[in-house]
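Below is one structure, written out as structure tokens; the observations come after it.
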Amino acid sequence: MAPTPQPCGTTLQPCACAPLSRRRAALDGSVAAAFCGSVAAPPSARLPRLTAAMASRLSGALRLAGLDDYIAPSQECIKPVKVEKKPGKAAAKIRIEADGSYFQIGQDGEAQKLEKAKITLNDCLACSGCITSAESVLITQQSHEELCKILASNKAAAPNEQKLVVVSVSPQSRASLAARCKLSVLETAKKLTAFLKSLGVHYVFDTTFSRNFSLLESQKEFVKRFRKQPEDKKALPMLASACPGWICYAEKTHGSFIIPYISTTKSPQQVMGSLIKGHFAEQQRLTPDQIYHVTVMPCYDKKLEASRPDFFNQEYQTRDVDCVITTGEVLKLLEQEGVSLSDVDPAPLDTMFSSAAEEELTSHSGGGSGGYLEHIYKYAAKELFGIQVDTIQYKPLKNKDFQEVTLEKDGVVLLQFALAYGFRNIQNLVQKLKRGKSPYHYIEVMACPSGCLNGGGQIELEGESSKDWLQQVEKLYNSLKTEIPEENRTVTELYEQWLGGTESEKAGKALHTEYHAVEKTNTGFNIKW
């Protein structure tokens, strides 16, 4: 009898139908099935439960529950294990022990334990067998525990063998910590700086600074695409590229169709990686591999982004971002050290890569996901049509996570932008694009409902509704003075001193990237039942 189709597992969370970020808005079964792309596997395809020891090493949002339930074939990792061929045609049986280990039983009755398949994050990024359920159990190498190991080995190493440890903190993570600890954003930044430095970190920076580059490059890229659209049918709509969950889904599910539309501008995390392992390393008279760069992010997918081969320096065998920890993992680190952030004495902020003075922090207007739509919209209106836009009027469509903005003159639509948050809206968006029915010039795409402030790596407060909690985080995030990227003098100076100009080849390499369609692999594991 054919197995009954059902969603992956007994719950839709943390079902990895969409990339690693936890989806807080529950998807109905039909949507889940659309992402899984297959029905449930037979009992033989069930996976063993994670042991308590294994589960404890995984971040809370990635602990998989009910793994003895049916798992859709499309969710299993299908990267084949390299099998050493031995002479002869003797058959062998495989025995599965109660603890989940596998033994090969030879013809002589001798049992030989089989090695477990070992795959890396890069293997998973190059695999089309799932969207991310396999990746979710492979990211323990990117954790606060890994950071602790590096800091411990650094202290034990000889001075000439120590690495310079740099932590770059996202503004979304800072706002979440501030809400959890009942502090202002500035207090949180200073206390977090003090705490991290007490562990052995040397510098703590703010990725709001690197986001200036991402916004400026996105603005220029959009205008170039708009002017090129008469001869390039895939120049528009330009799709935002800062969300790695969306990028992973796009590459694996829609591949060569969707990639031309995606902005090539690097995310703030990866721009910071270029800045730290490039300009900062030169300033410190260090090679890139002598710096260990950690980022604190609201999203688990950022771990996958940092692991992309595009962001690996072959010459020095180092990544632009060595380790990504989430906001929740910072809280775990505080608890592990027995420290309450509220009780930590504040320390001065590192202002080398800062948008403001020591006693001040800044942000960008346009929402908690970076403000890409707003900045590009205002810049394009001025640059393309000479229209000064001071305020933007958003028009909600089907839900609050799908809104549009329109620039009109004399009844003619000049620009039409949209923001699409959450995979339900992304699915609808892609389908319209495939049918040639999308009216938009630019779309700010984010995988998580409500955007980055609601990322899967953010802190949750027990006993408080997610809506009320998110509002607190948003209020703190929006409490900072906003800045305009074009007016940041340090950014302007770095374009000249570090990159050799805004249009230089070095600027293109440091601030832009490319994407890769993942070819579909057909094996016995991903045949639909």
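Tell me whether the range 347-483 comes out rounded, prolate or oblate; compute the Cα gyration tensor, take square roots of the eigenvalues as a ≥ b ≥ c, and use a/c under 1.5 as the rounded threshold.
Because a/c hits 1.5 or more and a/b fails to exceed b/c, the range 347-483 counts as oblate.
Under the rule of at least 5 residues apart or a separate chain, name every residue whose amide H is placed under 5 Å from the amide H of Phe205.
Placed amide hydrogens put Val167, Ser168, Val169 under 5 Å from Phe205.
List, in order, the whole-Hz ³J(HN,Hα) value for each residue of the range 380-393 obtained from phi through the Karplus relation with A = 6.51, B = -1.76, C = 1.60 and θ = phi - 60°; use x for Gly and Pro.
Values per residue, Gly and Pro as x: 5, 4, 6, 6, 8, 10, x, 9, 8, 10, 9, 10, 10, 9 Hz.
Give me a comma-separated list of calculated 3J(HN,Hα) values for the range 182-195, in order, Karplus coefficients 6.51, -1.76, 1.60 applied at θ = phi - 60°, integers in Hz, x for any Gly or Pro.
The phi angles translate into 6, 10, 6, 5, 5, 4, 4, 4, 5, 6, 5, 4, 5, 4 Hz.
Compute the Rg to Rh ratio over the range 162-282 from the alpha carbon atoms, using the Kirkwood formula for Rh, and round to two decimal places.
Details: Rg = 18.2 Å, Rh = 16.7 Å.
Rg/Rh: 1.09.
Going by the alpha-carbon gyration tensor, a ≥ b ≥ c the square roots of its eigenvalues, is the range 362-435 rounded (a/c under 1.5) or, if a/c is not under 1.5, prolate (a/b greater than b/c) versus oblate? Intermediate values should be presented prior to the final figure.
Numbers: a/c = 2.11, a/b = 1.30, b/c = 1.63.
Oblate.
Using the Cβ atoms and a cut-off under 11 Å, what net charge is assigned to the surroundings of Leu476, where Lys and Arg are +1 and Asp and Glu are -1?
Working: positive: Arg174, Arg180, Lys182, Lys475; negative: Glu187, Glu474.
Surrounding charge for Leu476 is +2.
Over the Cα atoms of the range 420-473, Rg to Rh with Kirkwood Rh, two decimal places? Walk me through the numbers before you get to the answer.
Working: Rg = 14.6 Å, Rh = 12.8 Å.
Radius of gyration relative to Kirkwood radius: 1.13.
Over all Cα pairs of the range 411-508, how is the pair count split among 10 Å bins, expressed in % and running from 0 up to the last occupied bin?
Percent of pairs per bin, in order: 12, 23, 26, 31, 7, 0.
Averaging sequence separations of C-alpha pairs under 8 Å and six or more residues apart, then dividing by the length of the range 416-499, give the relative contact order as a whole percent. Each step should come with its number before you reach the end.
On the way: 55 pairs, mean separation 20.3, N = 84.
Here the relative contact order equals 24 percent.
Sorted by average packing, counted as other Cβ atoms within 10 angstrom per residue and highest first, what order do 171-183, 431-443 take? Don't skip to the answer; put the middle values down first.
On the way: 171-183: 24.7, 431-443: 15.6.
Peptide ranking by packing, descending: 171-183, 431-443.
Using only the alpha-carbon atoms of the range 325-396 as identical scatterers, what base-10 log of I(q)/I(0) does the Debye formula give at q = 0.21, 0.22 Å⁻¹?
-1.03, -1.06
Take the Cα gyration tensor of the range 272-352, multiply each eigenvalue by 5, square-root it, and list the three semi-axes largest first, rounded to whole angstrom. Present the calculation step by step, with values, prior to reporting the outcome.
On the way: eigenvalues 140, 63, 19 Å².
So the three semi-axes of the range 272-352 are 26, 18, 10 Å.
Could you list which residues have their amide H under 5 Å from that of Leu414, counting only those 5 or more apart in sequence or on another chain, with H placed in the peptide plane?
Leu407, Glu408, Lys409
I'd like the projected area of the range 134-216, averaged over all directions, using the convex hull of its alpha carbons. Report it in nm² with one decimal. Intermediate results must be reported in sequence, preceding the final value.
Details: hull surface 30.8 nm².
With the hull built on Cα positions only, its mean projection is 7.7 nm².
Translational D (Stokes-Einstein, µm²/s) of the range 214-366 at 4 °C and 1.567 mPa s when Rh comes from the Kirkwood sum over C-alpha pairs?
Details: Rh = 18.1 Å.
For these conditions, the coefficient is 71 µm²/s.
Hull surface divided by four, with the convex hull built on the Cα atoms of the range 187-228: how many nm²?
Working: hull surface 15.4 nm².
Result: a mean projected hull area of 3.9 nm².
Would you kindly work out the equivalent ellipsoid of the range 209-254 from its C-alpha gyration tensor and give its semi-axes, the square roots of five times the eigenvalues, largest first in whole Å? Mind showing how you got there, number by number?
Working: eigenvalues 83, 70, 4 Å².
Value: 20, 19, 5 Å, ordered largest first.
Which of the peptides 231-238, 497-504 is most tightly packed, and how do the rest follow, going by the mean number of other Cβ atoms within 10 Å of each residue?
231-238, 497-504
Of Lys378/Lys481; Lys266/Lys303; Lys400/Lys432; Lys302/Lys432, which sit over 25 Å apart, Cα to Cα? Write down the numbers at each step before the final one.
On the way: Lys378/Lys481 19 Å; Lys266/Lys303 15 Å; Lys400/Lys432 19 Å; Lys302/Lys432 28 Å.
Correct reply: Lys302/Lys432.
I'd like to compare 414-426, 337-349: which one has the highest average count of other Cβ atoms within 10 Å, and what's the full order after that? Let's see the in-between values first.
Values: 414-426: 23.2, 337-349: 13.6.
In descending order of packing, they fall as 414-426, 337-349.
Values quoted throughout were computed directly from the atomic coordinates according to the rules given, and no laboratory measurement underlies them. All values derive from a computational prediction rather than experimental measurement. Every residue, glycine as well, gets a Cβ built from its backbone with ideal geometry; the counts of neighbours run over all protein chains shown.
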